[in-house]
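J.: I'd like to ask you about the structure that follows.
The values are calculated or read from the model by the stated rules, or taken from the named source; none is laboratory data. Computed from a predicted structure; not experimentally measured. Heads up, the Cβs are rebuilt from the backbone with ideal geometry, glycines too, and the neighbour counts pull from every protein chain shown. The protein model used for the area step is the full one, side chains on, heavy atoms only, and it has no ligands, DNA or RNA in it. Shrake-Rupley method; radii C 1.70, N 1.55, O 1.52, S 1.80 Å.
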Amino acid sequence: MRHEKATRLLELARLLASSAEGMTLDEIASSMGVGRRTAERMRDAVRDAFPQMEEIEDPPTKRFKIPSGLDGIFQAPTADEFAALHAAAEQFRAMGATGRAAALLNLEQKVLSAMRAGVRRKLAPDLEALLEAEAISIHAGPRPFEDESVLGAIRDAIKSLRRLRFRYQGGSTPGRVREITPFGVLFGRSNYLVGAEGDSKEPRTWRLDRVADLEVTETFGAKPEDFTLQAFVERSFGIYQDAVEEVRLRILPHGADEAMGWRFHPTQRLEPLPDGGVLATFHAGGMRELAWHLFTWGDKVEILGPERLKQMMRDELAIAVATHGAPC
């Protein structure tokens, strides 16, 4: 128990040392998953161990941080942490995201090279055992386009608040030159630039594998202050953006256990039903991609609404029957 408490205090110390602006008591409580009184006691215990902790007035509250970071002895990574980092890199590599895989592997090498030789030798057997015991399961799907020159140009434009110009080989007029204010990048089955065209503020998506002749312009371009990429993502199911509607799905009893551990959407609510089933509700657009996903549930799901999703499911079924023939 004492060891566990010491570990928790060291975790808090790391948070306070890594925060540029410091943390309030409420933020400490939230990050550590404790109440405010416990957060106060933990803060005081960390201050006893690290008297360099600073208290910053930020009316109506105060912030706390440990300046200049922590000594290396407190920051040595564990074998579990290295294994998680390596696994993330391998997962990126397996899905075709070679740029991000290389970045994580470079980070791994930098951290290892900064450690004392004796610590590396002690770490090596455990790390080797973990890496041999863990593997990545590969799922069928497209390999995402990840050209580092394209991603680098997008990141430069975002950091310098400038627009991008490129020839887009998708949409209703393939080959047309577009000038876009970049808002961010969505990584997934395919990678997309999120941005607004010309003087518009309405975000749209642009598939990166259809972008050609990309350049960063000198024209100012910044995302709206009220735009967040997370909120944009939560407007849809998957990547497709269209009218947001309330989705209501009834999962039948033989699929209830699976549904209770499933994440359909960030805004979902799961409600057990008297018959043993589950009612899933959430707000989203992207009905076509949702219909595609619901095919994987077979006879476990009934669509209660919206009607547009029901019709989308019927249309996709009709296409499948027309392609493969009706059963005899």
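J.: Any chance you could count how many residues in segment 1-53 are closer than 14 Å to Phe64 by Cα, part of a helix (DSSP H, G or I) and among the charged types (D, E, K, R)?
T.: Qualifying residue count, segment 1-53: 9.
J.: Of all the residues that make up segment 245-288, how many are surrounded by 15 or more Cβ atoms within 10 Å (Cβ to Cβ) and part of a loop (DSSP other than H, G, I, E, B)?
T.: Going through segment 245-288 one residue at a time, the tally reaches 6.
J.: Right, here's the next one. Name the single residue that is most open to solvent (accessible area, probe 1.4 Å) among those in segment 203-238 being under 30 Å from Val301 (Cα atoms) and touching a helix residue (DSSP H, G or I) at 6+ places or on another chain (Cβ under 7 Å).
T.: If we take residues in segment 203-238 being under 30 Å from Val301 (Cα atoms) and touching a helix residue (DSSP H, G or I) at 6+ places or on another chain (Cβ under 7 Å), then Gly238 is most open to solvent (accessible area, probe 1.4 Å).
J.: Look at Arg163 and say whether it is at pLDDT below 85 and charged (D, E, K, R).
T.: Criteria not met by Arg163.
J.: Could you say whether any residue in segment 155-174 is open to solvent by 60 Å² or more (accessible area, probe 1.4 Å), of a type outside the set (D, E, K, R), farther than 30 Å from Glu302 by Cβ and assigned to a helix (DSSP H, G or I)?
T.: Yes, segment 155-174 contains at least one residue that is open to solvent by 60 Å² or more (accessible area, probe 1.4 Å), of a type outside the set (D, E, K, R), farther than 30 Å from Glu302 by Cβ and assigned to a helix (DSSP H, G or I).
J.: Let me ask another. Taking the conditions exactly as written (among the charged types (D, E, K, R), farther than 27 Å from Ala243 by Cα and surrounded by 13 or more Cβ atoms within 10 Å (Cβ to Cβ)), does Glu197 satisfy them or not?
T.: No; evaluated as a whole, the condition is false for this residue.
J.: Looking only at segment 181-194, filter to residues that are assigned to a strand (DSSP E or B) and among the aromatic types (Phe, Trp, Tyr); which one of those is surrounded by the fewest Cβ atoms within 10 Å (Cβ to Cβ)? Outline the logic, then answer.
T.: Filtering segment 181-194 down to residues assigned to a strand (DSSP E or B) leaves 181-186, 192-194.
Filter once more, so that each one left must be among the aromatic types (Phe, Trp, Tyr): 183, 192.
Values: Phe183: 23, Tyr192: 21.
Across segment 181-194, the extreme among qualifying residues is Tyr192.
J.: Also, I was wondering about something else. Taking into account only those residues within segment 43-68 that are open to solvent by less than 60 Å² (accessible area, probe 1.4 Å) and more than 15 Å from Leu9 (Cα to Cα), which is modelled with the lowest pLDDT?
T.: Taking the candidates together, the pick is Pro67.
J.: Restricting to segment 1-42, name every residue that is open to solvent by 90 Å² or more (accessible area, probe 1.4 Å) and in contact with a Ser or Thr (Cβ under 9 Å, 6 or more places away or on another chain).
T.: Of everything in segment 1-42, just one residue is open to solvent by 90 Å² or more (accessible area, probe 1.4 Å) and in contact with a Ser or Thr (Cβ under 9 Å, 6 or more places away or on another chain), namely Asp26.
J.: Can you name every residue in segment 104-119 that is assigned to a helix (DSSP H, G or I) and among the aliphatic types (A, V, I, L, M)?
T.: If we filter segment 104-119 for residues that are assigned to a helix (DSSP H, G or I), which is where we start, we get 104-114, 117-119.
Correct list: Leu104, Leu105, Leu107, Val111, Leu112, Ala114, Ala117, Val119.
J.: Identify the single condition in (1) open to solvent by 40 Å² or more (accessible area, probe 1.4 Å); (2) of a type outside the set (Val, Ile, Thr); (3) out of contact with any strand residue (DSSP E or B) (no Cβ under 9 Å at 6 or more places or on another chain) that Gly96 does not satisfy, given that it satisfies every other one.
T.: (1)
J.: So, in segment 99-115, how many residues would count as being aliphatic (A, V, I, L, M), modelled with pLDDT of 85 or more and under 13 Å from Pro77 (Cβ atoms)?
T.: First, the residues of segment 99-115 that are aliphatic (A, V, I, L, M): 101-105, 107, 111-112, 114-115.
Filter again for modelled with pLDDT of 85 or more, leaving 101-105, 107.
Filter again for under 13 Å from Pro77 (Cβ atoms), leaving 107.
Count: 1.
J.: Does any residue in segment 92-104 that is over 15 Å from Asp147 (Cβ atoms) come within less than 7 Å, Cβ to Cβ, of a residue that is in a helix (DSSP H, G or I) six or more places away or on a different chain, and which pairs are these?
T.: Arg93/Ala101; Leu104/Leu85; Leu104/Ala88; Leu104/Ala89; Leu104/Phe92
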